[in-house]
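Readers should treat all values here as calculations from the given coordinates under stated rules, not as data from a laboratory. As the structure is a computational prediction, the values presented were derived from the model and not from experiment. Every residue, glycine among them, receives a Cβ derived from its backbone with ideal geometry; neighbour counts consider all protein chains shown.
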Amino acid sequence: MNRLAFVAPLAALTLWGCDVQAPNTTPDPVIVPYVDPTVPDHWTPTTPTDQGPVDLDPPQAPLEGKVARRITIDQLRQSIPALFDGITWTIGTGRNAREGFDQLSGSLGEADYIQATNENLEPTPLFAKFMDDMAGDVCAKAVARDATKPEGDRVVVASDSDVAASLRFLRLKLHGIYVPAGNTEGLEPYLELHQRLFESDGANTAWIGVCVAMLTAPEMMTY
């Protein structure tokens with residue numbers, strides 16, 4: 001067969017635009033379903049380990065949440081007057097009264113940048129002892145002043161007639177934990193403490209004791 005006779009028809013097809021296209025071999029795109037990576041930010045005893053699965057290296061390492069840190073002295077120095085309407089921790093009486101956070105800052109671990117340049121944030125027994133002293137002083141002054149104020153202007157005893165309402169008020173104010181009205185979840189130990197102190201020493205002692213317990217609780221002293 002004449003070779004030119006075979007090539008000519010192909011050339012003619014090309015000239016007329018009849019190109020032969022190769023089949024499309026590109027695979028269809030894979031659609032990956034969206035997965036929301038966020039987890040609830042409300043702390044529970046099992047968060048975040050109940051939010052898995054999580055890829056860890058090494059795989060057997062436990063998934064831990066943020067490590068709690070002790071509150072600093074400067075944070076206390078600023079937050080206590082804000083929480084108690086200007087009342088703060090003082091040592092001494094009358095003209096000799098001095099702010100406790102300043103007087104005992106070195107013993108409480110605050111850096112003075114002369115002998116210590118790093119703040120000691122360990123929850124030592126000495127720190128716990130001084131925080132008990134601080135809470136007793138602040139709470140006694142706050143409860144005494146509340147007795148002279150109307151209920152809407154108080155900082156500890158929000159209601160004279162409703163103990164649970166006052167405890168909800170303090171729980172939210174000092175611990176950032178909201179307890180809905182009609183619910184006592186998380187308030188039971190404080191209700192029991194108030195009842196015991198009220199029966200033995202009266203209302204003022206009961207509220208001072210509850211205030212001290214809440215002010216020195218881990219929910220207040222760590223973050």
The range 84-160-the range 185-223 distance, computed between alpha-carbon centres (Å): 17
Per-peptide average of other Cβ atoms within 10 Å, ordering 203-215, 149-161, 86-98 highest first: 203-215, 149-161, 86-98
R0 of 25 Å, Cβ-Cβ distance Asn183-Ala203: FRET efficiency to nearest 0.05: 0.60
Counted charge near Phe169, where neighbours are those whose Cβ lies closer than 13 Å (Asp, Glu -1; Lys, Arg +1): -1
Computed over the range 170-223: relative contact order in percent, which uses C-alpha pairs under 8 Å that are six or more apart: 35
Computed E for Leu172/Lys129 - FRET, C-beta separation, R0 30 angstrom, nearest 0.05: 0.60
